[in-house]
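The values are calculated or read from the model by the stated rules, or taken from the named source; none is laboratory data. This structure is a prediction, so every number in the text was calculated from the model and none was measured. Cβ placement follows ideal geometry from the backbone for every residue including glycine, while neighbour counts extend to all protein chains displayed. We work out accessible area using only protein heavy atoms, side chains counted, and drop any ligands, DNA or RNA first. Shrake-Rupley method; radii C 1.70, N 1.55, O 1.52, S 1.80 Å.
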Amino acid sequence: AMLDPDSGLSLTIARIVQRLQGSSLHSQLERQARVSLHKPEIKLESLKEDIKDFLKTSGWEKKLQNAVYSELNVFPSPCHPAAPPEHMKEPLAYMRKAQGSWEKRILKSLNSMCTELSIPLAQKRPVNEQKELLNKWNEMGTDEPDLSLFRPVYAPKDFLEVLMNLRNPNYDNGDQPSFRTHLGLIQVPLKVKDIPELKEDFSELGLNTGQLGIDDSAQVPPEFFENEHVRVGQKVLAEQDSAAAQQYVRQGCPTALRADLWALILNISNQPEDILYYEQLKSNVIQHDLLVDSLIYKDVKLTASNDDYYFVFEDYLYQVLLCFSRDTSVLEHFTYSSATPPKSYIRGKLGMEEYAVFYPPNGKINYNSFILPVAPLCFLYHEPPKLYQIFREMYVRFFFRLHSISSHPSGIVSLCLLFETLLQTHLPQLFHHLREIGAQPLRISFKWMVRAFSGYLATDQLLLLWDRILGYNSLEILAVLAAAVFAFRAVNLMEVTSLAAAEAVLADLSTLKVMPLLQIFLFATVT
């Protein structure tokens, strides 16, 4: 049920006020207001107005605005007060059910690994081990434990199989003629955008707008645009306004300003209490040994050892991911995610709710695509607490949608459907050719999207792409880029005769330039 705008707004305001009341920002504002009472410009007869003016001129009002903006970006619009809470997580019952059984499957795989290896899910580390880990915290990569018995809980292709089998039980094999003609692997009727709608949404990527990441724009000499864009960027940073920063990065971030602009958009300021929080997570890692630690370790080793590029950041990857697995604040995002955190029971108390604990504490079971979103952030942030906060915020805003089954427009199901629809509509010959030879395009592009192209594009290109994810607060651009890559390699793909050959044509994306590909696909495709 839709709300009328007024009651929707008042519900949103009430929710934001409730969320900000317990925050450190709230106590800082109170402290500042008390301090201001001793200032000569604060008069008793106009107390309320004077304090408001003081908070405005001292920059605190801006901080409050950014916090509100951040809440609006992360949490969905409120449901009708009468709607059950699970509707906020995911309105479609069959999606909730599919996500539920996928979670059960992962947990089962984890539990059977515990049984096979006779290793508990969690145990306290002996004191000598704690000391050892603390000493080598900054060089965990030098360890070579035998992890041959640990296996990843699932691979992207297992996840794709689950998505391919999704069906809406209310559709008898697609009663809607428009949907029955969809010949891709994804067979659920979700509404996805067509090119005219995408052009409108991504209008700042148009051919007549200056862009970072385009070398030879006909309209504006690139160096002229760049100098001007840097100047505007510095002004946006000086203003400290999250909303302005989000608008600004749609045209790309200058390299020197990117770390600060992203932090401003994500509203991360690296306060002393944030650093303290990170230290608490770290001490939890030191004290407790979780089974997922070995999985994280194995994933990082595999990724870093196959990629010189990530090898440099190996120690950062361990630190961030081990702390992330302990972070219970990540559980908050389950209120608006279709996922439900896995529960485990204290030994001997199976099935008794009061003995249930979330496992791992952040409610996320790691698998090998977690590492990839952390690695590019290591280029931008060199202090672990800040790197950690940025990753956590990127995860709860965007990346979790790539690992859970939902009907959200930025969810992986919608992205797959958008990708297939764009190809089938705008490159029908290519789409049918690949389908005929058993090389369904989604089988190739799925891993790019599920990892937000991390590990596939050159880093400078990846960061230009992620600028736009942050700028538009949406992951849809991943599906558009995936389709654009197929369009770019279409001539070669028309000649292949097998899935393996098609994969070979698309094996190396490291030389691709993201922005020209997106522009040509969106704004030069005849619709």
(message) Could you derive backbone 3J(HN,Hα) for segment 273-284 from the dihedral phi with the Karplus parameters 6.51, -1.76 and 1.60 (θ = phi - 60°), listing whole Hz in sequence and x where the residue is Gly or Pro?
(response) 5, 5, 5, 4, 4, 4, 4, 5, 4, 4, 5, 5
(request) Give me the orientation-averaged projected area of the Cα convex hull of segment 118-210, in nm², one decimal. (result) 14.2 nm²
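Below 8 Å, C-alpha to C-alpha, sequence gap of six or more: please give me the relative contact order for segment 459-523 in percent. Present the calculation step by step, with values, prior to reporting the outcome.
Working: 29 pairs, mean separation 30.9, N = 65.
Reported as a whole number, the value is 47 percent.
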(request) Treat every Asp and Glu Cβ in segment 5-78 as -1 and every Lys and Arg Cβ as +1, leave all other atoms uncharged, and give the resulting dipole magnitude about the Cα centre to the nearest 20 debye. (result) 240 debye
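Can you put Leu92, Leu463 in order of accessible area, largest first, using a 1.4 Å probe? Could the numbers behind the result be given before it?
Details: Leu92 60, Leu463 10 Å².
Order by accessible area, largest first: Leu92, Leu463.
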(message) Explain nothing, just compute: Karplus ³J(HN,Hα) = 6.51 cos²θ - 1.76 cosθ + 1.60, θ = phi - 60°, for every residue of segment 115-127 in order, whole Hz, x for Gly and Pro.
(response) 5, 4, 8, 6, 10, x, 4, 8, 8, 6, 6, x, 4
(request) Using amide H atoms built 1.01 Å from N in the peptide plane, name the residues 5+ places from Leu512, or on other chains, whose amide H lies under 5 Å from its own. (result) Ala458
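Filter the cross-link list Lys104/Lys157; Lys56/Lys235; Lys43/Lys235; Lys136/Lys447; Lys89/Lys157; Lys63/Lys235 down to pairs whose alpha-carbon distance in this structure exceeds 22 Å. Walk me through the numbers on the way to the answer.
Values: Lys104/Lys157 18 Å; Lys56/Lys235 18 Å; Lys43/Lys235 34 Å; Lys136/Lys447 33 Å; Lys89/Lys157 25 Å; Lys63/Lys235 17 Å.
From Lys104/Lys157; Lys56/Lys235; Lys43/Lys235; Lys136/Lys447; Lys89/Lys157; Lys63/Lys235, over 22 Å: Lys43/Lys235; Lys136/Lys447; Lys89/Lys157.
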(message) Rounded to the nearest angstrom and ordered from largest down, what semi-axes does the equivalent ellipsoid of the chain get from its C-alpha gyration tensor (root of 5λ)?
(response) 36, 32, 26
(request) Whole Å is fine, so just give me how far the alpha carbon centre of segment 443-502 lies from that of segment 146-171. (result) 21 Å
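Rounded to two decimals, what is the ratio between the C-alpha radius of gyration of segment 5-78 and 2.2 N^0.38 Å?
On the way: Rg = 14.5 Å, N = 74, 2.2 N^0.38 = 11.3 Å.
Compared with the compact-globule rule of thumb, segment 5-78 sits at 1.29.
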(message) Going Cα to Cα from Lys39, which aspartates and glutamates come in below 12 Å? Please leave out same-chain ones fewer than 8 positions away.
(response) Asp50
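Under the rule of -39500 (n - 2.57) per DSSP H run of 4 or more residues, summed and divided by the residues of the chain, what mean residue ellipticity at 222 nm is obtained, to the nearest 500 deg cm²/dmol? Intermediate values should be presented prior to the final figure.
Numbers: 27 runs with 301 residues, N = 527.
Rounded to the nearest 500, the figure is -17500 deg cm²/dmol.
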(message) For the chain, what does the relative contact order come out to in percent, with C-alpha contacts under 8 Å and a separation of six or more?
(response) 19 percent
(request) Using the Karplus curve 6.51 cos²θ - 1.76 cosθ + 1.60 with θ = phi - 60°, work out ³J(HN,Hα) for each residue of segment 438-449 in order, rounded to whole Hz, and write x for Gly and Pro. (result) x, 10, 3, x, 5, 4, 8, 7, 4, 5, 5, 6
(message) List the residues, sorted by chain then number, that are 5 or more residues from Asp289 or on another chain and whose placed amide H is less than 5 Å from its amide H.
(response) Gln123, Lys124, Arg125
(request) Run the accessible area of segment 5-78 with a 1.4 Å probe and give the carbon-and-sulfur part as a rounded percent. (result) 59 percent
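Using the beta-carbon distance between Ala501 and Arg34 and R0 = 45 Å, what value does 1/(1 + (r/R0)^6) give for FRET efficiency, to the nearest 0.05?
FRET efficiency, Ala501 to Arg34: 0.05.
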(request) Run the numbers on segment 240-317 and let me know its relative contact order in percent, using alpha-carbon pairs under 8 Å that are six or more apart. (result) 20 percent
(request) Please calculate how many Å² of accessible area the chain carries per residue, with a 1.4 Å probe and no DNA, RNA or ligand atoms counted. (result) 47 Å²
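Hey, could you grab the Kirkwood Rh for segment 379-507? Inverse mean 1/r over distinct alpha carbon pairs, Å, one decimal. All intermediate terms of the calculation are to be shown ahead of the outcome.
Working: mean 1/r = 0.0640 Å⁻¹.
Evaluated over segment 379-507, this radius sits at 15.6 Å.
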(request) Towards the positive end of the charge dipole of the chain, with charges on Cβ (+1 Lys, Arg; -1 Asp, Glu), say which of Cys416, Ala256, Leu205 has the farthest Cα. (result) Cys416
(request) Report the one residue of Val496, Gln32, Val514 whose Cα lies farthest in the direction of the positive end of the charge dipole of the chain (charges on C-beta: Lys and Arg +1, Asp and Glu -1; origin at the Cα centre). (result) Gln32
